[in-house]
Amino acid sequence: MNVIEEIIEGNQKAFKKFYDKTHSKLFSFTFKHTSDFELSKEIIQDSFVILWERKKTLTPSWESFEAYLFKVIRNKCIAEYKQKIIVAEALLDYKETQELLQTESDSNSNIPSINKLLNTLPSRQRRVIELVKLQGLSYKEAALELNISERTVEAHLRKAFDTLRIKANLLYFFGYFLLTLS
C-alpha cells in the first residue's frame, strides 16, 4: 500500500509524511501570492485540514492529492484577495462618509458626528475600529489586544463598515431632509 492509499485509510503517519514532503513547495506557492507569512501558514493549515476531511473522495495518487491542495490553496488566495478588496472598499466608503458627515455637521449641528455613529455599533466592532482604523494597529496587533483571531478582527471590521454605511446614508438623507425644511 502506498502513502496516499494509507492516507485514504486514515493513517495519520502517512499524512504527516505527505505533509512533510509537500509543505515547503505549497508554502512557497502561497507566500508568493499573499506576501503574508502568517496568512500563508493559515491557508496551508486550512488546506491540509480540508484534504484530510475529504481524503476518501480523491483519486489515490500523489499527483491527485497535490493538485487538489494547489487548487484549494489557489481558491483560498483568491478569496483572500476578494476579502481585501471588500475591506478596502468598506474603508473607503467609511472615510468618504466620515468626510461627508463632517462637512454636513459643520454646517448643521442636527447631523450626528462620526463618534455618535461609532457609539451605535456593538462594543466589539467599535473597539476593533478604534484599534485598527483610529489607532493604526495592524490586524494582528488588534487581535492580540482583544484576544481574538485576525480573521475575527476582519469580520468585525466588515460588519461595522456595513452597519456604518447604512446608518450614515440614512443620517445623510435625514440631515438633508432637515436642511430642506429649515
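Just a few scattered comments:
- Long pairs among K41/K159; K16/K41; K76/K140; K13/K55; K16/K56; K32/K71, criterion Cα-Cα beyond 21 Å: K41/K159
- Take S40: with every protein chain present and a 1.4 Å probe, its accessible area is about 0 Å².
- Extension gain (nm, one decimal) between S28 and N115, 0.36 nm per residue minus Cα-Cα: 27.0 nm
The values are calculated or read from the model by the stated rules, or taken from the named source; none is laboratory data. Given the structure is predicted, the values throughout are model-derived calculations rather than measurements. Note: areas computed on protein heavy atoms with side chains; ligands, DNA, RNA excluded. Shrake-Rupley method; radii C 1.70, N 1.55, O 1.52, S 1.80 Å.
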